[in-house]
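Throughout, read-outs are computed from the coordinates displayed, never taken from laboratory work. In this text the structure is predicted, and so the values were computed from the model without any measurement. Methodologically, a virtual Cβ is constructed for each residue, glycine included, from the backbone with ideal geometry; neighbour enumeration extends over all protein chains shown.
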Amino acid sequence: MERQIIIEENHVKKPQLNKFLDWFIHILGYTLVLITVSIIFDDTIYIDNQFFGLWGLLAVIIIFILNRTVKPLLFWLTLPLTALTLGLFYPIINIIVLKVADWILMDHFQIQGFFMVFLVSIIISIMNAIMDNVIIDNFLKGFKK
């Protein structure tokens, strides 16, 4: 009898913050990362700074959508090449996603070059992981208690 009570207590739902608000906080964090990288590497990435970062926010939303739709398809299509290069081809997929966002937003978001974009895409991935795991997750834990 006690065992059933313990099992039922472990399955109690914790209160969650609104999923849209979680998503929006992540998007704002990614926007800060993209704008920061565009300031540091201003010859490689250009984001139009009209409307207080609106183009950066729009670029992040487009990149997010592409990462959820196109990137998995590209990953599976290039899996043999990625395996042959021991994973070194994977950042090329990130470059393709950035180039598609560049094409969609035209003059408001521009990516120039190849080798620097390769480095910048790796830096963006690392900064997004740090933003997710260190800053945003700890911030959201405070609201979910």
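Structure notes:
- Per residue, the average separation of C-alpha pairs within less than 8 Å and at least 6 apart gives the chain a relative contact order of 35 percent.
- Difference of contour (0.36 nm per residue) and Cα-Cα distance, ASN138 to PHE75: 19.7 nm
- Cα-based equivalent ellipsoid of region 40-145: semi-axis lengths in Å, sorted from largest, via gyration tensor: 24, 21, 14
- Extended-chain gain in nm, criterion 0.36 nm per residue less alpha-carbon gap, LEU54 and LEU28: 8.3 nm
- With the highest mean first, a sort of the peptides 116-128, 26-38, 74-86 on other beta-carbon atoms found within 10 angstrom per residue produces 26-38, 116-128, 74-86.
- Potential extension, MET106-LEU119 segment - 0.36 nm per residue separation minus Cα distance: 2.5 nm
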